[in-house]
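The values are calculated or read from the model by the stated rules, or taken from the named source; none is laboratory data. Computed from a predicted model, the values in this text were never measured in an experiment. Counting neighbours? That spans all protein chains shown, and the Cβs are built from the backbone with ideal geometry, glycine included. Heavy atoms of the whole protein, side chains included, go into the accessibility calculation; ligands, DNA and RNA do not. Shrake-Rupley method; radii C 1.70, N 1.55, O 1.52, S 1.80 Å.
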Amino acid sequence: SDNVIKSSSKTGITQIRVSNEKTKSVCIKEYRYPSFLKRFLRSFISSPARKAWFAAHGLIALNFFTPKPIALFEEKRFGILKKSFFIMEGIFDCLPCYKYIHYKFGNPYENAAFLEKRKFVSCLAASFRQLHDSGIYHGDLKESNVMIRELPGTWDFFYIDLDRVYFNKNIILKKKIKNLSQLNASLPNYITYTDRLRFYRTYAGVKTLNVEDKRILKSIIQLSIQRNALMDIQTISYSDKNVNYISQRRKI
């Protein structure tokens, strides 16, 4: 149980240390299919584990960082998919983007961290631009799916949760805006409004914003607000003298 990172009705993630000179640990992601209909459909199309397997090889071939794929397993019964597993190399020297930002840039009064944050934001934006320029679209590109490895003076960005990664020579603007809004909505408040503008200018490769850039930024902000509102609605029901109260909180 100490090795279990996540367990839900749909997925399970376990990380296990191994005694190997090159590999310190392996991460096993199990895809579960509680619905028979989904199991049936996944028996005839690629399972999420299979999609993640091919996406990992594609990212590595295009010189992006992602945990090294080790094995793919699919368990079937009478030809119907029951479970699938994607086994990859564990990464110990990385932190999820939101945790790294909190740890590294949580003190707004530290001048050295402030200057380093500007460089970090620009490097992250450059990685996103390279991702899209290479024809890679990640369907859930929030900050928890970007792992950060700190190096002297720079950073490596590892992309994970790859079962919704697609390869297309030309990523349309709508999908780029969606990816940027996913990241923007999930970044903590330590990343200021100025940081976010710097991110976009680096991503777009512009110094000043024209009319089209402002239109794109407006779309990113609108989608970010919608995403935050959807994610942050909390419904709390409790009973007091046979009266139910529903409390909903929206954070925009």
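Only residues that are open to solvent by less than 20 Å² (accessible area, probe 1.4 Å) and over 9 Å from the mean Cα position of the chain (by Cα) were counted in region 138-155, giving 2.
Restricting attention to region 89-126, the residues that are at pLDDT 95 or above and more than 20 Å from Thr194 (Cβ to Cβ) total 0. The set of residues from region 12-30 being at pLDDT 90 or above and either closer than 19 Å to Ser47 by Cβ or open to solvent by 70 Å² or more (accessible area, probe 1.4 Å) (or both) comprises Gly12, Ile13, Thr14, Cys27, Ile28, Lys29, Glu30. Counting just the residues of region 37-75 that are modelled with pLDDT under 85 and hydrophobic (A, V, I, L, M, F, W, C), which one comes out nearest to Val26 (Cα to Cα)? Going through the qualifying residues, I end up with Ile45.
Within region 76-91, the set of residues being hydrophobic (A, V, I, L, M, F, W, C) and closer than 11 Å to Glu30 by Cα comprises Phe85, Phe86, Ile87.
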